[in-house]
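The values are calculated or read from the model by the stated rules, or taken from the named source; none is laboratory data. Fair warning: this is a prediction, and the values are worked out from it, not measured in the lab. Ideal geometry is used to build each Cβ from the backbone, glycine not excepted, and the neighbour counts take in all protein chains shown. The area values use the complete protein model at the heavy-atom level, side chains included, leaving out ligands, DNA and RNA. Shrake-Rupley method; radii C 1.70, N 1.55, O 1.52, S 1.80 Å.
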Amino acid sequence: MINRQYKEMLGAKSVIRELSEYATARGKEIGYENVFDFSLGNPSVEVPKEFTEEMIRLLQNEDTMTLHGYTPSLGNPLYKEKIAESLNKRFGMNYGPEHIFPTTGAAGAIAHAVRAVTEPGDEMITFAPFFPEYFPYIKGAGVELKVVPADTDTFQINFDKFEEMLGDKVMAVLINTPNNPSGVAYGTATLTRLADILKKKSAQYGHTIFLISDEPYREIVFEGADTPYVSKFYDNTLSCYSFSKSLSLPGERIGYVAVNPACEGAEYIVPMCGQISRGTGHNCPPSIIQQAVAKVCSLTADLSVYETNMNIIYKTLKELGFTVVKPDGTFYIMPKALEEDSISFCKKAKDYDLIFVPADGFGAPGFFRMAYCIDTEKVERAMVRLREFVKDNYSA
C-alpha cells in the first residue's frame, strides 16, 4: 500500500508554483516580457563574480576527489569554520565550527532544527503571515504547528494571541525575519519582548522553549530598518540560513543551522543533526558548493535593485489607495486587496497579465503578495498596467 499522507499531498499543490507555471505558459503566447509575473521569489541578480571565479579555480586546480568526494557527515570543516568566523565578526557572536551544520538551503536547516528540539506529539508555534511550506516541514517531524493570527496593521507579532496559545506542549517557536510574505522585519523591541516571554514560559513549564529563526533574507534589508541578529536576544536559538538570496544561488541549495553556543545542549545539537540526516537521507550538501561558498560567505550579490523596486511599487500602491505596510527588507510586499476576496482580486489581475499571489495560504486572507525580484524596467511597466487594472475595476 502506498503512503496515504503523501498521496493526499498531491492534491494540495503550491498556488505559487501554479501561478508561476501559468505565467510561463502565458509568456509563450504573448512574450514573457509582456507578462508581469510577481509570483515566484526567484532572485534576479547575478551571483558575485568572486563565486564564479572560485568555482573556476576549484575545477581547474583541485583534484577530483577533493572536489567531488564525500564530505564528513557533519560537513566540510572549512565551510563550517568560515561561516562561524563570518557570523562572529558581523554579529559579535562566539560560534565555533562545532556549532555549524551545513544543509540543503534554509528548508533543510529548518527540517533538522525542528527534529533536534522536538519529538513527535509536541507542538510548535509560528506567526502569520508565514511561509506555507512550514506545514510539511513540521508535520513530517510528527509535530503540530499552531499559527498565531496576524496583526495586519503592522505584521509584527500578535503578542496577546501568542501568550494565549503558548501552552506547555509547545517546545519551539519558529520565526521568519525579514518576513516572507510581508517584507517586515522584527525589530529590537519585538525580539526583546519575544525573548522575555520565552524565558518566562520556559521557567513556568520547566522545560526550554527553543527559538528557530528562519533567516534567508537576512542580508536584504532596506535603509532605516531595524534588523538585529536574532540569536543576540535569546540563548536557546537555532538560526536557519540559506545563501539562495544573499548570493543568488537558489538552485545550489546551500545553507546551514547555526546553534547559539549558549543554547541548552549546544554541544549535542550539531552531532544530532548528523544523526537526523541519517534518518532523512539528507547526507550533506554537495562538496564543491561548500568549498566555493566558504570562500565568499561574507559577500553578497548586488542586492540594491530590490530596494529600488520596492520603492517604486510602494509609492504606486499608496497613490492608488491600497493599504500596505512598507517592507523592511526581502523582495516581497503584501498589500490589502481592493476587495474582500483576494483570490477574486488576483484572478481579475490575471486578465491584465499581472500575476499576484493571494495571501490566504500565508495566513493573511484579504491580502496578496508581490515578489518584485524582477528587472526594474519591467516593474515600471507593470505599474502602468496596475494603474489600468485599478481604474477599470475599482474606480468609482
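Being open to solvent by less than 10 Å² (accessible area, probe 1.4 Å) and part of a loop (DSSP other than H, G, I, E, B): is that true of PRO178 here? Let's see the steps before the verdict.
Values: open to solvent by less than 10 Å² (accessible area, probe 1.4 Å): yes; part of a loop (DSSP other than H, G, I, E, B): yes.
Taking the combined requirement at face value, the residue satisfies it.
Read through the list (1) open to solvent by 10 Å² or more (accessible area, probe 1.4 Å); (2) farther than 30 Å from ASN236 by Cα; (3) part of a helix (DSSP H, G or I); (4) in contact (Cβ under 8 Å) with a residue 60 or more places away in the chain, then give the number of the only condition that ILE276 fails.
Every listed condition holds for ILE276 apart from (2).
So ASN309 passes all but one of these: (1) in contact with a helix residue (DSSP H, G or I) (Cβ under 6 Å, 6 or more places away or on another chain); (2) part of a loop (DSSP other than H, G, I, E, B); (3) farther than 24 Å from GLY108 by Cβ; (4) open to solvent by less than 30 Å² (accessible area, probe 1.4 Å). Which condition number does it fail?
If we test ASN309 against (1) in contact with a helix residue (DSSP H, G or I) (Cβ under 6 Å, 6 or more places away or on another chain); (2) part of a loop (DSSP other than H, G, I, E, B); (3) farther than 24 Å from GLY108 by Cβ; (4) open to solvent by less than 30 Å² (accessible area, probe 1.4 Å), just (2) comes out false.
Condition first: assigned to a strand (DSSP E or B) and either surrounded by 24 or more Cβ atoms within 10 Å (Cβ to Cβ) or over 15 Å from the mean Cα position of the chain (by Cα) (or both). Now tell me which residues in region 205-223 satisfy that.
Hits for region 205-223 are PHE210, LEU211, ILE212, SER213, ASP214.
Please go through region 360-396 and pick out each residue that is out of contact with any helix residue (DSSP H, G or I) (no Cβ under 6 Å at 6 or more places or on another chain), touching a residue at least 60 places away in the same chain (Cβ under 8 Å) and hydrophobic (A, V, I, L, M, F, W, C).
Scanning region 360-396 gives PHE362, ALA364, MET370, ALA371, CYS373, ILE374, ALA382, LEU386, VAL390.
Just for helices (runs of 4 or more DSSP H) wholly inside region 18-106: which have at least 2 residues that are open to solvent by 10 Å² or more (accessible area, probe 1.4 Å) and within 28 Å of SER182 (Cα to Cα)?
77-91
Does region 254-270 include one or more residues that are part of a loop (DSSP other than H, G, I, E, B), within 16 Å of the chain's Cα centre (by Cα), modelled with pLDDT of 95 or more and under 22 Å from ILE175 (Cα atoms)?
Yes: region 254-270 contains one or more residues that are part of a loop (DSSP other than H, G, I, E, B), within 16 Å of the chain's Cα centre (by Cα), modelled with pLDDT of 95 or more and under 22 Å from ILE175 (Cα atoms).
Can you pull out the residues in region 229-242 that are without any contact (Cβ under 8 Å) to a residue 60 or more places away in the chain and in a loop (DSSP other than H, G, I, E, B)?
Within region 229-242, PHE233, TYR234, ASP235, ASN236 meet the criteria.
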